[in-house]
Amino acid sequence: MNAPVDLRSDTVTKPSPGMRRAMAEAEVGDDVLDGDPTTRKLEERIAELLGTEDALFFPSGSQANQTGIWLVTEPGTELLIEANAHLIHYEMAGVAALSGAQIRPITTPDGLLTPELVRAALRPASPHVPRIRALAIENTHNLAGGRVLGPAAVDGLIRVARDAGLAVHLDGARLWNAAVAAGVSAARLAQGVDTVMVSISKALGCPVGSCLGLRKEQRARGREIRKRLGGGMRQSGILAAAGLYALDHNLDRIAEDHANAKRFAELLSDSQTVRPTTPESNIVMVDLQTEAQPASARLAQAGVLMSAYGPKRLRAVMHLDVSRAAVERAARILLDTLR
Ligand SMILES: Cc1ncc(COP(=O)(O)O)c(C=O)c1O
């Protein structure tokens, strides 16, 4: 009996033996007290990859996102953001609870913000309306099925934001995927933003962690906020070592996940009962004619794990622990089970 093919998320990966060895051998200090050398090494490496002046290591993408938003907004100001953003739906209303900024969601047909839509959400300063302080971008966009904003699209958004005096935060949990899909560096897609979150626990296969790229002058305040949120970690080098290992071994293979997503969608494309999206990165959304929750339970019984992502929608995410053969098997099982 084969093990189930787990396509629920790219966070389900297990650290490889090489990664575990790197973690076990990491040189560590106390990152809250006077620094952890391996954590610092990861922060410097990530800052270099993002083209930011500095970076901070966090236990999660949510905490790094929330810190980024906290840094670029003030209580009682507004944050413009796409209506299906992770920051709105999956971070426990953190922006309201922590930064005290008001979220103003921008509805898009496909998850992709455009300069026109952002411009339309701006309003002239007035004593009657809140001041808009920042724009948040998500790239790739999770709920939209891993859709990618390329460099020209990002530049357009940043230009509108700058013209309006807004700061920009980038939720780049899957920025590595966006960069591979767009054929540019992660730094190119982060060019001009104020704060940028990237995860090492998704495409890169680490057990824990995300980083926030920021300016040098934001570092002290960023550390303060992280500590307040409970993110001050001591021998964090053990986790950071996984990140350094992943940057050396797992960054260059992300295109395989994108090719597997295409293959998965291709195998489902002739079906009369399910309809896959056309993947741009490592995510495929599958639209069903029936309810997603029971379909997901039946699939799990048959050996394929996929998350319900809407009343009649399932999500499949490719990652480094699923091979091409496993992806093909998952597609066949899905076609048999949801016939
Ligand atoms: C787009 C996006 N942003 C942020 C996060 C948050 O990351 P974490 O689960 O590490 O808090 C996720 C997690 O899936 C995500 O998909």
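The values are calculated or read from the model by the stated rules, or taken from the named source; none is laboratory data. Just so we're clear, the structure is a prediction, and the values are computed from it rather than from any experiment. Note that each Cβ is placed from the backbone with ideal geometry, even for glycine, and that neighbours are counted across all protein chains shown. The area values use the complete protein model at the heavy-atom level, side chains included, leaving out ligands, DNA and RNA. Shrake-Rupley method; radii C 1.70, N 1.55, O 1.52, S 1.80 Å.
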Problem - Filter pass, Gly76 being at positive phi and not aliphatic (A, V, I, L, M) - result: yes
Practice task
Answer yes or no: is there a residue in the stretch 17-25 that is away from the ligand (no atom under 16 Å from the Cβ), under 19 Å from the mean Cα position of the chain (by Cα) and within 17 Å of Ile238 (Cβ to Cβ).
Solution key: no
Exercise for the section: Return a yes/no flag: does the stretch 187-196 have any residue that is among the charged types (D, E, K, R), open to solvent by 50 Å² or more (accessible area, probe 1.4 Å) and over 17 Å from the mean Cα position of the chain (by Cα). Expected result: no
Completion exercise
Of (1) aliphatic (A, V, I, L, M); (2) open to solvent by less than 10 Å² (accessible area, probe 1.4 Å); (3) in a loop (DSSP other than H, G, I, E, B), Leu334 satisfies every one except (3)
Handout entry: Pick from the stretch 83-103, criterion within 23 Å of Arg174 (Cα to Cα) and away from the ligand (no atom under 11 Å from the Cβ), ranking: surrounded by the fewest Cβ atoms within 10 Å (Cβ to Cβ)
Key = Ala93
Problem - Residue selected from the stretch 32-53 under the condition acidic (Asp, Glu) and more than 22 Å from Lys202 (Cβ to Cβ), by the criterion most open to solvent (accessible area, probe 1.4 Å) - result: Asp34
Exercise for the section: Taking the options Thr67, Thr11, name whichever one is under 30 Å from Gly100 (Cα atoms), open to solvent by 30 Å² or more (accessible area, probe 1.4 Å) and either within 14 Å of the ligand (Cβ to nearest atom) or free of Cβ contacts under 8 Å to residues at least 24 places away in the same chain (or both). Expected result: Thr11
Problem - Some residue of the stretch 275-288 being open to solvent by less than 50 Å² (accessible area, probe 1.4 Å) and either part of a helix (DSSP H, G or I) or touching a Cys at 6+ places or on another chain (Cβ under 8 Å) (or both) - result: no
